[in-house]
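Please read the structure below before turning to the comments.
The values are calculated or read from the model by the stated rules, or taken from the named source; none is laboratory data. Here the structure is a predicted model, which means the values were calculated and not measured. FYI the Cβ positions are ideal-geometry reconstructions off the backbone, even for glycines, and counts take in every protein chain you see. Keep in mind that these areas ignore ligands, DNA and RNA; they rest on the heavy atoms of the full protein, side chains included. Shrake-Rupley method; radii C 1.70, N 1.55, O 1.52, S 1.80 Å.
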There are 2 protein chains.
Amino acid sequence: MAPIRLAIVGVGKIARDQHLPSIAGNPAFTLVAAVSRHDPQIEGVPSFASLDELFASDVKVDAIALCTPPQVRYELAAKALLRGCHVFLEKPPGATLSEVEALRALADEHRVTLFASWHSRFAAGVAPARAWLTERDIRKVQIIWREDVRVWHPGQAWIWEPEGLGVFDPGINALSIATHILPRPFFLTAATLSVPANRAAPIAADLTFTDGAGTPITMDLDWRQTGPQSWDIIVETDAGTLRLARGGADLFLPDSTHSDGDVEYAGLYAHFASLVAAGQSDVDVAPLRHVADANLRGTRISVEAFED
Amino acid sequence: MAPIRLAIVGVGKIARDQHLPSIAGNPAFTLVAAVSRHDPQIEGVPSFASLDELFASDVKVDAIALCTPPQVRYELAAKALLRGCHVFLEKPPGATLSEVEALRALADEHRVTLFASWHSRFAAGVAPARAWLTERDIRKVQIIWREDVRVWHPGQAWIWEPEGLGVFDPGINALSIATHILPRPFFLTAATLSVPANRAAPIAADLTFTDGAGTPITMDLDWRQTGPQSWDIIVETDAGTLRLARGGADLFLPDSTHSDGDVEYAGLYAHFASLVAAGQSDVDVAPLRHVADANLRGTRISVEAFED
């Protein structure tokens, strides 16, 4: 099969650090163009200031990877789907749930692949964790995601706007893993969102979920963590305790350990290639739906102003 | 076919005013029980203090209608679905989107009917409005839902909690009509939620949506309207203007008018009976998804405290 001719749209840090090496490392893809308003130079690849300019050019494109901020993702994705291009969406797949549903309908109508990617689901420990949990009785789940926003998002004002999601920007990674490894669907029962007095999005959140079996599931999200950082999911079962650490990269089971380096984006692109080959889409909005539910149902409390 | 043996759960004002007359008026149903913790007396029908007591009794039940507040709806609905009962959910279908998805999965698994009802969709003008719009080019949509909360929800503290939805409690009716009559899916692009200083849920909201064709759709929700009340949807098309008034009861087209009394709950029960007969479910979360999107993406501003 001929390689998929891919254009990357939005050439920022995540594109350079993760997408470009993964595309270069996967023979199913060939990078044919870059689209960026600001910093469009990728060596050896033609650059365009807009998707319209790309589509008006002689460059033939089968698929695009959208690495722009979520606020502008719908319009670009819709434009590509309408032209019959497959679309890879960075997380989160949109600024609202409803626009993602509209994109899904468009992809179905035009018979092209839409992939709403969740990179944390491809961390090394996640697939074995999911497999191990299918055979267990789950008693309790704790999600602890505590990091220092000053280290990871220095000076990023947009992340404190509603579309930036605040502490749910990292939290949605935890939710993408939890919705993937837990065998039963779960749902929110209570939430407290701590919003700095001078910001629109939360800096911390305490969430409680349950599932059809009444399993207690708690989530502790905090961006005010200095010192050691935590990206852990702990699942207590009838056969002992599972712990995923480092955002899913390390898996600790009662009698074994799985660990690997950063394989997330390589996994995403391998999955995207298989979706295109099979003529399928993969649009699971469950992680974003939980964040919307927390905003819908949660109680907001005002906390100390946050200054970068 | 034998009538569907129905139990009504939650015997409050909406049950007495709307459900009971519609059940009595539809030969497809026979009311066999009432479940209510507080005010369980319906003449000629056995009463139970809980769903567990009903299921432990000799009364045979095929379906339940859930008229309790959304906070406790999941547990009751899940209990009924697990026993193979069909379930009719009052609006909104749940306190979160994720719990409704979990119920949908349960209904599919147990091969019973789940009906997430939206009563405004059965107002007299809605079906002809939908039919008329399928053949038009839509240029602009305005939704104006302005009512006096002191008249419609006097002293109801729960409606100001997050689960009460605030002004989205009536607003979700408008959204249930708009998502039903407009031919293309639409999605939020901006929202401002006005939240009283002493309450958790908004008293007013200004929302802007669009669809894949770029149609401007605005929604003006306000609970501070004294004097004339408005529950209007105005759609400008290539063939003139459509206006739905009185929450969908009256339809004004360029060359005709459709008007009728209150037929909403009769329509809901007729639809529920046909779903049960066909072995199908009808769970459209689009209206609640728009409310969640508004809470996810909207900007909150603090306004004057509201005292009943």
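Suppose we keep only residues that are within 14 Å of chain A (Cβ to nearest Cβ) and not basic (Lys, Arg) within the stretch B:32-75. Which one would you say is surrounded by the most Cβ atoms within 10 Å (Cβ to Cβ)?
Within the stretch B:32-75, the subset within 14 Å of chain A (Cβ to nearest Cβ) is B:69-75.
Remaining after also requiring not basic (Lys, Arg): B:69-72, B:74-75.
Details: B:PRO69: 16, B:PRO70: 23, B:GLN71: 16, B:VAL72: 14, B:TYR74: 25, B:GLU75: 15.
Going through the qualifying residues, I end up with B:TYR74.
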Scanning the stretch A:59-101 for residues that are farther than 19 Å from B:LEU288 by Cα and of a type in the set (Ser, Thr, Tyr), the one modelled with the lowest pLDDT turns out to be A:THR68
(Q) Could you go through the stretch A:262-269 and let me know if any residue there is within 24 Å of A:VAL151 (Cα to Cα), touching a residue at least 12 places away in the same chain (Cβ under 8 Å), small (Gly, Ala, Ser) and buried (at least 18 other Cβ atoms within 10 Å of the Cβ). (A) no
Going through (1) in contact with an Asp or Glu (Cβ under 9 Å, 6 or more places away or on another chain); (2) within 14 Å of another protein chain (Cβ to nearest Cβ); (3) surrounded by fewer than 16 Cβ atoms within 10 Å (Cβ to Cβ) one by one, A:THR257 fails only at (2)
Looking across the stretch A:284-308 at residues that are open to solvent by 20 Å² or more (accessible area, probe 1.4 Å) and more than 14 Å from chain B (Cβ to nearest Cβ), the single one that is nearest to B:ARG289 (Cα to Cα) is A:VAL303
* Asked: Is one or more of the residues making up the stretch B:141-163 over 30 Å from B:ARG199 (Cα atoms), in contact with a strand residue (DSSP E or B) (Cβ under 8 Å, 6 or more places away or on another chain), crowded, with 20+ Cβ neighbours inside 10 Å and modelled with pLDDT of 95 or more?
  -> yes
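Taking B:ALA249 as the residue in question, decide whether it is outside the structural domain of B:ARG16 (by TED's automatic domain parsing) and closer than 24 Å to B:ASP17 by Cα.
Taking the combined requirement at face value, the residue satisfies it.
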Within the stretch B:209-221, residues within 12 Å of chain A (Cβ to nearest Cβ) and farther than 18 Å from A:LEU76 by Cα come out as B:ILE217
Q: State whether one or more residues within the stretch A:126-136 are within 21 Å of A:ALA249 (Cβ to Cβ), assigned by TED's automatic domain parsing to the domain that holds A:ALA204 and in contact with a Ser or Thr (Cβ under 6 Å, 6 or more places away or on another chain).
A: no
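Looking only at the stretch B:76-109, count every residue that is at the interface with chain A (Cβ under 7 Å from one of its Cβ atoms) and either out of contact with any strand residue (DSSP E or B) (no Cβ under 6 Å at 6 or more places or on another chain) or under 18 Å from B:GLY279 (Cβ atoms) (or both) and tell me the total. Give the steps one after another, and end with the answer.
Let us first name the residues in the stretch B:76-109 that are at the interface with chain A (Cβ under 7 Å from one of its Cβ atoms), namely B:78, B:95-99, B:101-102, B:105-106.
Next cut, either out of contact with any strand residue (DSSP E or B) (no Cβ under 6 Å at 6 or more places or on another chain) or under 18 Å from B:GLY279 (Cβ atoms) (or both) only: B:78, B:95, B:97, B:101, B:105-106.
Adding up the residues that qualify gives 6.
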Restricting attention to the stretch A:165-201, the residues that are open to solvent by less than 20 Å² (accessible area, probe 1.4 Å), facing another protein chain (nearest Cβ under 9 Å) and part of a loop (DSSP other than H, G, I, E, B) number exactly 1
If you go through A:ASP262, A:ASP255, the only one that is of a type in the set (D, E, K, R) and more than 19 Å from the chain's Cα centre (by Cα) is A:ASP255
The condition of being part of a strand (DSSP E or B), away from chain A (no Cβ under 14 Å) and either without any contact (Cβ under 8 Å) to a residue 24 or more places away in the chain or open to solvent by 40 Å² or more (accessible area, probe 1.4 Å) (or both) holds, among B:THR226, B:THR241, only for B:THR241
Restricted to the stretch A:265-283 and to residues being under 18 Å from the mean Cα position of the chain (by Cα) and hydroxyl-bearing (Ser, Thr, Tyr), the residue farthest from the other protein chains (Cβ to nearest Cβ) is A:TYR269
_On the basis of being within 19 Å of the chain's Cα centre (by Cα), touching a residue at least 24 places away in the same chain (Cβ under 8 Å) and within 24 Å of A:THR299 (Cα to Cα), does B:ILE203 make the cut?_
yes
When B:ALA277 is run through (1) surrounded by fewer than 16 Cβ atoms within 10 Å (Cβ to Cβ); (2) assigned by TED's automatic domain parsing to the domain that holds B:ILE138; (3) among the aliphatic types (A, V, I, L, M), the failure sits at (2)
Requested in this report: Report whether or not A:ARG104 is among the charged types (D, E, K, R) and under 21 Å from A:ALA294 (Cα atoms).
Outcome: no
Expected output for the stretch A:294-308 (first residue of a type in the set (A, V, I, L, M, F, W, C), partner surrounded by fewer than 12 Cβ atoms within 10 Å (Cβ to Cβ), Cβ below 8 Å, 6+ apart or cross-chain) is A:VAL303/A:ALA197; A:ALA305/A:ALA197; A:ALA305/A:ASN198; A:PHE306/A:ASN198
